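Please read the structure below before turning to the comments.
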Amino acid sequence: SLSRLEEEYVFVVDPLDGTEDFVKRDGSYGINLALVKDHRVIIGMVACPERNLLCYARENQGTILRYGDGREERIHVSTRKDHLRAFVSKTHFDQREEEALNRHNDLIEEVIPLGACNKALELARGNGEICLRYTDKTKEWDVCAPDLIVREAGGIFVDTLGKPFVYNRKDVYNRNGYFMANCVENERIFL
């Protein structure tokens, strides 16, 4: 219902992020839950059940990773500016994304295919530096929680025009894809 557009607070939920990954039973799917206030995500949670991981962030309070045994740790993006590890979609890697990575292959050390919200989780953990998706097929529930997870871990999460996301929109499609990076220097290279 479009009445949600007038609400100050809205939950944005993706109960199965990575449907194809789930169907293939490859463990790369996740669950995204976010609380949006005035079109800005203020709480985000990403759960990866097959990996027994839960990651959550609250605006201005950092990102926490919780393991299946109950241990928790604050996580942070890496500091690399070269020898970059690039995350790509396991199921939807397209030609424009491949061309962008190839233009900067002197900076790319490794290309790592991952499914769904796992790309944001691993970037926030410092296990990669960039992820570029030009697709206009993702929707706000695909990126809302991952956005805050990455930013609160010290990273950057914008669309492919370099603009921050606004949530609880009438048009739920992310028409300009998305880009995640560990630092602004890497953002400038790829946008």
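The values are calculated or read from the model by the stated rules, or taken from the named source; none is laboratory data. Keep in mind that what you see is a predicted model, and the values were worked out from it rather than measured. Note that we place each Cβ from the backbone using ideal geometry, even for glycine, and neighbour counts take in every protein chain shown.
Within the range 35-87, the residues that satisfy the criterion of being acidic (D, E) and closer than 24 Å to F165 by Cβ are D38, E59.
When P113 is tested against the conditions (1) part of a strand (DSSP E or B); (2) under 27 Å from L2 (Cα atoms), the lone failure is (2).
I'd like the residue in the range 117-161 that is in a loop (DSSP other than H, G, I, E, B) and of a type in the set (V, I, T) and, out of all such residues, is surrounded by the most Cβ atoms within 10 Å (Cβ to Cβ). Steps first, please.
Step one: list which residues in the range 117-161 are in a loop (DSSP other than H, G, I, E, B), which gives 117, 125-129, 134-138, 153-155, 159-161.
Imposing the further condition that a residue be of a type in the set (V, I, T) reduces the set to 135, 138, 160.
Values: T135: 19, T138: 19, T160: 21.
Here the residue is T160.
Would it be correct to say that T19 is modelled with pLDDT under 95, polar (S, T, N, Q) and either more than 18 Å from G155 (Cβ to Cβ) or crowded, with 16+ Cβ neighbours inside 10 Å (or both)? Spelling it out, T19 is indeed modelled with pLDDT under 95, polar (S, T, N, Q) and either more than 18 Å from G155 (Cβ to Cβ) or crowded, with 16+ Cβ neighbours inside 10 Å (or both). Return a yes/no flag: does the range 82-99 have any residue that is out of contact with any Leu (no Cβ under 7 Å at 6 or more places or on another chain), closer than 16 Å to A34 by Cα and of a type outside the set (D, E). Taking every residue of the range 82-99 in turn, none turns out to be out of contact with any Leu (no Cβ under 7 Å at 6 or more places or on another chain), closer than 16 Å to A34 by Cα and of a type outside the set (D, E).
Looking at the range 39-62, can you tell me whether even one residue there is among the basic types (K, R) and either touching a His at 6+ places or on another chain (Cβ under 6 Å) or on the phi > 0 side of the Ramachandran plot (or both)?
Looking only at the range 39-62, we keep the residues that are among the basic types (K, R), and these are 40, 51, 58.
Then keep just the ones that are either touching a His at 6+ places or on another chain (Cβ under 6 Å) or on the phi > 0 side of the Ramachandran plot (or both); that gives none.
Within the range 39-62 (the criterion being among the basic types (K, R) and either touching a His at 6+ places or on another chain (Cβ under 6 Å) or on the phi > 0 side of the Ramachandran plot (or both)), the answer is no, since none of the residues qualifies.
Test Y173 against the stated conditions and say whether it is touching a residue at least 40 places away in the same chain (Cβ under 8 Å), hydroxyl-bearing (S, T, Y) and surrounded by fewer than 19 Cβ atoms within 10 Å (Cβ to Cβ). Let's see the steps before the verdict.
Numbers: touching a residue at least 40 places away in the same chain (Cβ under 8 Å): no; hydroxyl-bearing (S, T, Y): yes; surrounded by fewer than 19 Cβ atoms within 10 Å (Cβ to Cβ): yes.
Criteria not met by Y173.
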